[in-house]
Structure formats: structure tokens, C-alpha cells
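Worksheet: one structure, shown below.
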Amino acid sequence: MEFLRAHIRRSKIGDLAYSVINALLPVALLLLIHNFDSLYPALALVLLSKWRILALRPRFWWVNIKANAVDIMVGVSVVGLMYLSMSSLPLQILLAVGYGVWLLYLKPRSDASSILLQAGFAQFLALTVLFSLSTVVNDLLVILACWVIGYSAARHLVSSYNEDSIDLLSSLWGLMIAQLGWLFYHWTIVYDIGLPIKIPQIALVVLVLGFVVARLYTASKSDRLSESLLRTMSIFGLLLLLIILLFSRWDVTI
């Protein structure tokens, strides 16, 4: 019993230390970006914070990288958004708070709704940052990054189910995002929401498409896919896409 009590105490201390470190990480990122006026030190800290990925034998590294890809995408995206928001300290603080919520609340959750939200959130943030910087990034790198973003988001969702074709389905979604990335790279439309950060159209389009596809996929895995649901989700997705397109200024591109 004494051994069990000591183990429980150590577990609680470890959990507390882990929570404190996660709470301090967004603050450290914000301070690094302000002090160095560069995103590279903050990016290095995000990658260093994932040191446990490489704590096992090398043969497990690639598996761990794929399993943690969504978390890495969110961290890198938050750093990118903070850097793009250098002119607005309140927005940077809001981003730091949001990243803290991700680390402490959303990331540890494993229920179906949370996993869907994690994948969609990471994909949206990553595409927003990528296309905000697309004017200074080679087109091939943008298309490759789109595939990685789509693959990682899809794999995060699909791997939570008893799926035999995880890599195939994830690769297909990544290919679709890469194709959209090629199209939107040559005609990037952004929405000005009155903040230093502009929302690229591709992020909203992929968000809608991803939600519809993920909703149908999760329904199929729980034997709830029906003609009615397929029709409802298709109409819902088309209406949202039409709204996005109708509120676009086609004469303004970057």
C-alpha cells in the first residue's frame, strides 16, 4: 500500500509538472518572438518540446512523428501566426492563450468529437499560415506542405478508428489538399477581418470539405451512414461553399 501511495504521489507531481510546463510554453514562445524579432528561436523551442518523440529507439521515430504531427502542426502554426501579428500584442497574447488551451485541454482529449476538432483545427491553422507566406515560398514546397497537412490531419482522424487502410485514405486526402493547394496558390484570395492575420480562402474551403467528409466517414464507421445523411451533408457543404464564394472579391488577389 505504501508503494502504491508513493506511486500515486509521484504521478500527481509528474502531472502537475507537465501541466505547468505546458502552461509556460506559450508564454516562452511569445517572449522569444518579441525579444528576437524572429520566428526561428520559437520554432526551435516548439520542436524541442517534442523531445519525447525521439526518446525511444530510432525504429519508432517515424511512427511517433506521424502520431504527433497534428500537435506539431498546431505549435508551428501558432508561432507563425504570432510572427505575422507582430504589430498587435493583444492578438499575440490571445494566440498564446489559445495555444495554452490546446495543450492543456483539447490535445489530451481522445473522444471522437475532440479528435475531429483537433484535426480540423490543426489543418485550418496550418493552411492559414502556409498561404499567408505563400508569396515568399516556392510553389512546389507549398504543394508538398499541403499534402503533408492533409495527410497528417486525415491520419489523426482515421487512426482513431479500426481502419485497415489508414495510410491509403490519409494519402488520398493529402492528394486532394495538394491539388487544391496548386489551384489556390495561383489565385490566392484572402479575407481581411480587420486583424494583421488574413484568412486565405483555401483554409475555409478545406474546413468545409473536411467537415463534410469526416462526418460521413465517422457515420460509416458507426453504421449510421444513410441516404438521408449523405444528402443532408452534401447540401450543407454546397451551401457553405457557395456562401464562401459569393462573399469573395474576385478582383483582389495576392
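The values are calculated or read from the model by the stated rules, or taken from the named source; none is laboratory data. Small disclaimer: the values here were computed from a predicted structure and weren't measured. We place every Cβ from the backbone using ideal geometry, glycine too, and count neighbours over all the protein chains shown.
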For the range 3-26, the count of residues that are over 13 Å from Val79 (Cβ atoms) and modelled with pLDDT of 80 or more equals 2
Worksheet item: Is it the case that some residue within the range 141-151 is modelled with pLDDT under 95 and of a type in the set (Ser, Thr, Tyr)?
Response: no
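In the range 169-191, which residues are within 21 Å of Asn68 (Cβ to Cβ) and of a type in the set (A, V, I, L, M)?
Filtering the range 169-191 for residues within 21 Å of Asn68 (Cβ to Cβ) gives 169-171, 173-174, 177.
Leu169, Ile177, listed by residue number.
Would you kindly identify the helices (runs of 4 or more DSSP H) lying entirely within the range 27-136 that contain at least 1 residues that are within 18 Å of the chain's Cα centre (by Cα) and within 23 Å of Ser160 (Cβ to Cβ)? Spell out the reasoning first.
Details: elements: 40-48, 61-67, 69-84, 89-101, 112-132.
In the range 27-136, 61-67, 69-84, 89-101, 112-132 are the helices (runs of 4 or more DSSP H) which contain 1 or more residues that are within 18 Å of the chain's Cα centre (by Cα) and within 23 Å of Ser160 (Cβ to Cβ).
This table checks each residue for (1) part of a helix (DSSP H, G or I); (2) free of Cβ contacts under 8 Å to residues at least 60 places away in the same chain; (3) under 19 Å from Leu116 (Cα atoms).
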| position | (1), (2), (3) |
| --- | --- |
| Asp167 | yes, yes, yes |
| Leu195 | no, no, no |
| Arg231 | yes, yes, no |
| Ile235 | yes, yes, no |
| Leu239 | yes, yes, no |
| Ile243 | yes, yes, no |
Picking from Leu241, Leu246, the residue that is at pLDDT below 85 and farther than 19 Å from Phe124 by Cα would be Leu246
Return yes when Ser38 is crowded, with 18+ Cβ neighbours inside 10 Å and under 28 Å from Pro90 (Cβ atoms) and no when it is not.
-> no
